[in-house]
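**Q** Provided herewith is a single structure, encoded as structure tokens, for subsequent inquiry.
The values are calculated or read from the model by the stated rules, or taken from the named source; none is laboratory data. Since the structure is predicted, the reported quantities are computational estimates derived from the model, not experimental observations. Note that we place each Cβ from the backbone using ideal geometry, even for glycine, and neighbour counts take in every protein chain shown.
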Amino acid sequence: MATNKEIQAFAIKYYNLYMNPQATFGEATETFADECLTLGFEVMKYGEGLEREYPDENVWDAEGFDEISDDITDVHLLGSAIFSKWTAVEQDDFYELNFRTWFIIAFARLATITDEQQTNPFVLTGKLKRFKLVSGDLNKESGQTDDEDAMQVLTVSSDGGIWLKRYKSIGNAEIPWAVEKIATDQETLESIMQAFSSSFKDYDVSLAFHVKVWQLELVDTEDRIVKISGLMFGKSTFRSLSEFMREKLGRNDLLLFDGNYDPIDRIEAKYDRNTKIMMKDREDDYVIWDYHEKLVVDRESETIEYFRQIAEECDVCHKYHVSGGVSQLLDNLDADVFSKKEGNPTDVYVDSLESRYYQIDIRTRRGKCRKITGTFDKKDLPMNWSEFIESLLEFVSFYGTGEMLDERKYGKIRRRRNELIFCSVTFGEYGNQYWYLADEDIFEPGDFVIVPVGEDRHEEIARIESIEYHVKEEAPYPFDKIKHILRKFD
């Protein structure tokens with residue numbers, strides 16, 4: 001049997017290979033069987049190994065295997081399980097997320113149980129000495145433009161400073177076109193090292209197998225190497241760390257973890273309808289109705305404004321100020337939102353009596369502006385306009401119309417001390433009404449509640465239609481047979 005050190009080297013080698021989105025099927029299979037045999041691993045028969053040890057789990061599925069992986073301490077059992085699963089691998093499997101995730105979990109656990117300190121070698125535990133961050137289009141599929149870097153390699157060392165290497169994509173290769181040392185003072189350098197050390201201390205990695213990814217190599221003072229990768233997109237987990245780095249270094253061109261994401265700060269949409277209304281008593285005569293709307297979603301003021309010019313002397317304006325909420329709504333939008341639309345065919349019918357046009361202006365954090373215009377109809381509006389409006393409606397609907405206009409508030413009678421709370425409820429849209437008692441005065445018509453039903457008192461969902469207050473002797477249903485509402489339905 002091989003030593004733990006040899007097995008751990010094997011586990012680390014293939015863990016890093018499976019984590020690398022550029023790794024090929026050939027690299028994962030060329031010498032794998034020979035290495036497994038040399039280390040003493042064997043192929044288990046059906047029902048043996050992990051299946052026998054954990055009969056209640058789907059041990060060959062990534063999710064099921066993850067449930068039991070921390071319980072595995074037998075090196076030979078785990079190594080043989082890895083070898084057994086590998087024997088059934090097909091080339092297409094290697095690029096499938098569930099399959100690849102299973103092996104990453106397995107290699108990480110194998111490396112941990114063969115470690116002298118029984119610690120995960122893929123988690124930073126010591127003091128950070130240097131790191132290298134590779135960011136970009138590692139699979140060369142995302143459509144890089146001439147003014148963008150296909151890839152950047154940022155190297156930061158506590159004693160060697162900060163270096164940036166930038167690459168352009170030419171054909172199937174990344175060609176370095178600039179190498180520079182980023183000037184900074186020692187205090188800034190130390191703050192960056194501390195920020196990375198804190199962010200990735202005990203960080204539990206996840207598989208990144210996508211077009212745009214980042215790969216991070218962390219080296220501690222004992223020269224232990226930890227490799228981590230993740231998806232590179234605007235809503236990255238490490239977006240705040242990316243912004244911190246750009247601010248500290250005064251560089252807005254760094255890809256880092258979020259691909260140099262430039263978030264949307266303001267959306268202003270205008271809608272104009274011009275309608276000609278024909279006069280019944282005068283042929284070829286008409287009046288014009290000009291109707292206008294404007295919607296503004298603004299990060300700086302944390303407001304949403306919706307303005308309607310119904311007529312010259314009639315307009316309505318709604319304004320929502322939700323600190324943090326409006327920013328989150330904008331953060332959920334991709335930077336290229338509204339960039340695609342289908343467009344109408346050339347022979348589309350044009351109504352001579354009515355026209356509907358829109359204009360959308362988008363401004364980003366760094367001052368980039370986009371303008372989208374067209375006719376206000378499904379095919380000429382941006383493809384994700386409906387998705388945006390649905391999220392906006394959900395946002396503003398949460399705040400409702402207030403209590404002054406709510407009949408449930410102004411129409412509510414206060415209960416007297418000796419009165420009980422009787423709720424009329426229905427099951428289903430057209431069901432009969434049944435009476436239940438409420439122990440607290442916390443319900444309103446329209447609320448859904450959980451109530452006991454039948455002799456076995458099984459639980460059902462019901463809707464409160466009305467609420468009345470009566471003394472016990474005037475109960476709307478025989479008092480000795482009435483049941484109590486259990487709780488509000490969430």
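**Q** Just checking, which of Gly324, Gly259 is small (Gly, Ala, Ser) and not assigned by TED's automatic domain parsing to the domain that holds Arg370?
**A** On the way: Gly324 fails: not assigned by TED's automatic domain parsing to the domain that holds Arg370.
The match here is Gly259.
**Q** Right, here's the next one. Would you be able to say whether some residue in segment 244-264 is part of a strand (DSSP E or B) and modelled with pLDDT of 85 or more?
**A** yes
**Q** Next question. Test Met383 against the criterion of being under 27 Å from the mean Cα position of the chain (by Cα), part of a loop (DSSP other than H, G, I, E, B) and hydrophobic (A, V, I, L, M, F, W, C), and give yes or no.
**A** Yes.
**Q** List every residue pair whose Cβ atoms sit under 9 Å apart, with the two residues 6 or more apart in sequence or on different chains, where the first one lies in segment 344-364 and is outside the structural domain of Lys276 (by TED's automatic domain parsing) and the second, anywhere, is exposed (fewer than 10 other Cβ atoms within 10 Å of the Cβ).
**A** Partner pairs satisfying both residue conditions: none exist.
**Q** While we're on this one: What number goes with the only condition from (1) over 30 Å from Asp262 (Cα atoms); (2) assigned by TED's automatic domain parsing to the domain that holds Asn274; (3) modelled with pLDDT under 95 that Glu429 does not pass?
**A** Every listed condition holds for Glu429 apart from (2).
**Q** So which of Ala62, Ala23, Ala33, Ala28 is surrounded by fewer than 16 Cβ atoms within 10 Å (Cβ to Cβ), touching a helix residue (DSSP H, G or I) at 6+ places or on another chain (Cβ under 8 Å) and not charged (D, E, K, R)?
**A** Result: Ala33 is the single residue among Ala62, Ala23, Ala33, Ala28 that is surrounded by fewer than 16 Cβ atoms within 10 Å (Cβ to Cβ), touching a helix residue (DSSP H, G or I) at 6+ places or on another chain (Cβ under 8 Å) and not charged (D, E, K, R).
**Q** Which of the residues belonging to segment 166-194 are in contact (Cβ under 8 Å) with a residue 24 or more places away in the chain and either in a helix (DSSP H, G or I) or loosely packed, with under 12 Cβ neighbours inside 10 Å (or both)?
**A** If the condition is that a residue be in contact (Cβ under 8 Å) with a residue 24 or more places away in the chain and either in a helix (DSSP H, G or I) or loosely packed, with under 12 Cβ neighbours inside 10 Å (or both), then Asn172, Thr188, Leu189, Glu190, Ser191, Ile192, Met193 are the ones that fit.
**Q** A follow-up question, please. Suppose we filter Leu110, Leu50, Leu37, Leu78 for residues that are aliphatic (A, V, I, L, M), over 23 Å from Lys227 (Cβ atoms), modelled with pLDDT of 90 or more and out of contact with any His (no Cβ under 9 Å at 6 or more places or on another chain); which single one remains?
**A** Result of the check over Leu110, Leu50, Leu37, Leu78: Leu37.
**Q** Additional query: What residue, among those in segment 359-376 that are among the β-branched types (Val, Ile, Thr) and in contact with a Ser or Thr (Cβ under 9 Å, 6 or more places away or on another chain), is surrounded by the most Cβ atoms within 10 Å (Cβ to Cβ)?
**A** My answer is Ile360.
**Q** Just checking, how many residues over segment 236-267 are under 17 Å from the mean Cα position of the chain (by Cα) and either free of Cβ contacts under 8 Å to residues at least 40 places away in the same chain or more than 30 Å from Gln359 (Cβ to Cβ) (or both)?
**A** Looking only at that region, the number is 7.
**Q** When residues of segment 433-455 are filtered for being out of contact with any strand residue (DSSP E or B) (no Cβ under 7 Å at 6 or more places or on another chain) and either under 21 Å from Asp480 (Cα atoms) or not assigned by TED's automatic domain parsing to the domain that holds Lys481 (or both), how many remain?
**A** Matching residues across segment 433-455 total 3.
**Q** Oh, and also: Looking for something at pLDDT below 90, within 21 Å of Phe99 (Cβ to Cβ) and not in a helix (DSSP H, G or I) - is there at least one such residue anywhere in segment 8-21?
**A** Scanning segment 8-21, I find at least one residue that is at pLDDT below 90, within 21 Å of Phe99 (Cβ to Cβ) and not in a helix (DSSP H, G or I), so the answer is yes.
**Q** Among the residues of segment 344-367, how many are part of a strand (DSSP E or B), more than 23 Å from Val287 (Cβ to Cβ) and of a type in the set (S, T, N, Q)?
**A** Residues in segment 344-367 being part of a strand (DSSP E or B), more than 23 Å from Val287 (Cβ to Cβ) and of a type in the set (S, T, N, Q): 2 in total.
**Q** Looking at (1) within 22 Å of Glu90 (Cα to Cα); (2) crowded, with 18+ Cβ neighbours inside 10 Å, which one does Gln8 not meet, given that it meets all the others?
**A** All conditions are met except number (1).
**Q** Right, another one. Consider only pairs whose beta carbons are under 8 Å apart and that are at least six residues apart or on different chains; among these, list those whose first residue lies in segment 99-110 and is part of a helix (DSSP H, G or I) and whose second residue is among the acidic types (Asp, Glu).
**A** Filtered contacts from segment 99-110: Phe99/Asp93; Trp102/Asp61; Ile105/Asp66; Arg109/Asp70.
**Q** Please give the number of the condition Leu437 fails out of (1) of a type outside the set (Val, Ile, Thr); (2) in a helix (DSSP H, G or I); (3) in contact (Cβ under 8 Å) with a residue 12 or more places away in the chain.
**A** For Leu437, the failing item is (2).
**Q** Look through segment 377-424, keep the residues that are surrounded by fewer than 15 Cβ atoms within 10 Å (Cβ to Cβ) and of a type in the set (Ser, Thr, Tyr), and return whichever of them is farthest from Pro345 (Cα to Cα).
**A** Tyr410
**Q** Every residue in segment 62-96 that is closer than 26 Å to Asp115 by Cβ and part of a loop (DSSP other than H, G, I, E, B), please.
**A** Of everything in segment 62-96, those that are closer than 26 Å to Asp115 by Cβ and part of a loop (DSSP other than H, G, I, E, B) turn out to be Ile72, Thr73, Asp74.
**Q** For Glu48, state whether it is surrounded by 11 or more Cβ atoms within 10 Å (Cβ to Cβ) and farther than 19 Å from Thr101 by Cα.
**A** Judged against the criteria, Glu48 is a match.
**Q** Ok, one more. Among the listed residues Arg370, Arg408, Arg463, Arg417, which satisfies the condition of being in a loop (DSSP other than H, G, I, E, B) and at negative phi?
**A** After applying the criteria, what remains is Arg417.
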